[in-house]
Every structure is written in structure tokens, then in C-alpha cells.
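What follows is a single structure, written as C-alpha cells, with notes after it.
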Amino acid sequence: MEWKLFADLAERAGDRHLTVDVEPGERVEDALHALLDDHDDLRERVLDEDGQLSDGINVLRNGSEIHTQQEGLETTLEAGDELAMFPPVSGG
Amino acid sequence: MSDLSLDAMQLDRYSRHVIMDEVGPAGQAALLDGSVLVVGAGGLGSPVVQYLAAAGVGRLGIVDDDVVERSNLQRQIVHADADVGRPKVESAAAYVRNLNPDVTVETYETRLAAGSIDEIAAGYDVLCDASDNFATRYLCNDYCVLTDTPLSHGAIYRFEGQVITIDPGGDGPCYRCLFPQAPEPGTVPDCATTGVLGVLPGTVGCLQATEVIKQLTGIGEALTGRLLMYDAADMSVETVPVHRSPDCPVCGESATIDSLDEVTYEARCTIPAK
């Protein structure tokens, strides 16, 4: 399963595109933890102090936001899914 | 304003608009009758101010509390070398006056604050958020939602840009639907720390100017309900559908922000728990 990361999230992870070892049938949360297990800098940025996804971090599965349009982190992954994560940016 | 109100000089100046079916004399008259407040006269604000002035937007407000620094000139193209040390609103206003006598420029050499935005922004048809900090961005969003004012949001980071149009009169989302509150201070580095590709705000600011012109003329499909993410390094554009959040603190079903006084517009732009 592939993650695409935007803005400072990509910098923290060291790459914009990262592959994680998660199979179809597992959940978005599994793919998130597989990603964060290898990247402590990123974990600190995207999870809040309770270990929940921070308010400002948006996760997309196949271009659609998981919380408002799908089943959140419980969403089941299918073969060929593309995951993306982006934060707000403020530069002008 | 009817098409007859375009004088001979204006028919000439705006002829490439006037001959377009989608704009025409009525659309040009709407631009000349229109007013826009541009928040920030930096990287994004430069092309916004330039193109809105060239298009003949009749009243252009520019807000910025900074002076021009030499390190701005790599991307803030409304300012010139001789402007270093001059208030940005002054050099931006001078550019507009030099470009188009049809435009009335109003300058506000201040940082927008909850206590001043009402007085400054009232009476403008559209706000364009070309600022460089989260506090101003959340303030613009909340003000526009509460006053039903269309807002063009644009923001940049190194090689990437985000653009969305917020039309509180419609059923689309606002900025807080997407990002309920700002990141913890210090988590997102700024341009001074990370650098920014100089041409990036040109591209993103032009997208914002396009959206503002569409709002004033009613042309096309607004960038509402979708966030455009541009990547200059990949030369890729993605538009992600964004929906109004029922939990949004300012436009949701049980919104908790009904006045700007309730928000602390610094750091995370949070609201006190009720």
C-alpha cells in the first residue's frame, strides 16, 4: 500500500511516496501505524498527546477524506488503494 | 452599472474582456463595480493585486503591516528594489495607481485583528487571504463565514500550494471544516526557515486572482467544495473534494463560534470550551 505525503509531512518522513507492508482487508489505521512505526518524527507531528490523529491532519483514501466520506480509520483497504495525508500550510 | 457606463478608454483597455461572451460589457462593469480586500501584500498578494488591478476591479483594499525587505524581492513582485524599507501597502498601492487609474486603492498598514477586521473589511465584496500566518487565516475564515462574505484562501509551503474558495452563502465547507484549528506553534516551519521557490506564490496567487474575478463576475465553477493542491516540483495539481463538516466550530450544525471575540487568534486559533 502506498502513502503520498504533502508539505512538512514528506520532509519528516524523508520522502513523498512511501510503501507500507499492509494487505487488502486491513484498515487505514493499520496502514497509518505501519507508516508511523518507521518514522518517529512523523508520528510526533500527526498524532496528538492521546495518540489520536491530530485535528489538522487530513487522510485521504483514493482522493476522498476518510472521516467525512468513509469509515474513518476503520475504513477497510482494498487492493490498489492510494492513501494520502496532508496538513495545512500557512506561507504567503 | 450598465454597459453604456464603460467609456471609450475603458472599452479599449478592457476590450479583450468585453469581446468574451462569458465576461462582456456586463462582466467588465461588474469588475469595475466590485471591491476586494487583499490581506497581505507579499508573495501571494503581489500577483493578486497586480491582476485584480489590471482587470479593473474598482476598489482594492490592501492590508499589510510589514515593510519591504530585500529578501522579499525574489518573489514579491509588486515591490521594487527602491522600495526596500517602505511599507508594503505603499509600494503595492503605487503599483496599482501606476497601472490603472480606474482602480481606487485603500491601504491599511496594520495587522488584521479580531478587533479591527469588522471596520476594515466591511463593505468589500470579496476577501482574498494572501497572508502568511495561521492567526490571520483563521480570522479571515471566521469573519467571512460570520458575515457571509466570499473568501479566496491560498497558502504555500516550499514547492507546494493550497487553494480553496469559501462561499458561506452556499453549502460548501469553510477552512475550519478542513482544518478545525491551527497546528501547534513551531510544528510547521515558515518560509524564512525552509525557503520557498520564488515563482510558487506567483502561480498560487494567480489562481486566487482567478477565483476572485469569477466571484465578482459569476463566471464558471468556483473552487468551492474542493481543495486544490499544487506541487511545483512534480508539476502536478490535485483537487480533493472537501465537504462541510457537521462538527465545524464555525459553520457546523452546532457551531460554537458566533463571534470573533470568542476566539484567540494567535497560536492555534482555538475556542474556549463551552
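What follows draws every value from the coordinates through simple rules; no lab data is involved. As the structure is a prediction and not an experimental result, all values here were calculated from the model. With ideal geometry, Cβ positions are generated from the backbone for all residues, glycine too; neighbour counts draw on all protein chains shown.
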I'd like the mean, over residues of A:78-91, of how many other protein chain beta carbons sit within 10 Å of each residue's own Cβ.
6
With charges only on Cβ, +1 for K and R and -1 for D and E, what is the dipole size of the protein assembly as shown about its Cα centre, in debye, rounded to 20?
1380 debye
Under a Cβ-only charge scheme (Lys and Arg +1, Asp and Glu -1), can you give me the dipole magnitude of chain B about the Cα centre, in debye to the nearest 20?
460 debye
Calculated FRET value between B:Asp148 and B:Ile19, using beta carbons and R₀ = 45 Å, to 0.05
0.85
Using alpha carbon centroids, what distance separates the range B:164-221 and the range B:92-106, in Å?
24 Å
Label point distance in nm, B:Ser71-A:Gln69, each placed 7 Å from Cα along Cα→Cβ:
3.9 nm
Among beta bridges that DSSP assigns inside the protein assembly as shown, antiparallel share in %, nearest 5
60 percent
The range B:29-81, dipole about Cα centre (Lys/Arg Cβ +1, Asp/Glu Cβ -1), debye to the nearest 20
160 debye
The rounded separation in angstrom of the Cα centers of the range B:27-62 and the range A:6-59 is 40 Å
Dipole of the range A:2-86, positive end: most advanced residue of A:Ala7, A:Thr76, A:Ala31 [Cβ charges, Cα centre]
A:Ala7
Note on chain B: helices (DSSP H) long enough, at least 20 Å by alpha carbon along their axis, and hydrophobic enough, mean Kyte-Doolittle at least 0.5, are B:200-217
Most to least packed among B:76-87, B:250-261 [average Cβ atoms within 10 Å]
B:76-87, B:250-261
Taking the Cα-to-Cβ direction at B:Ala80 and at B:Ala113 and moving 7 Å from each Cα, how far apart do the two end points lie in nm?
3.4 nm
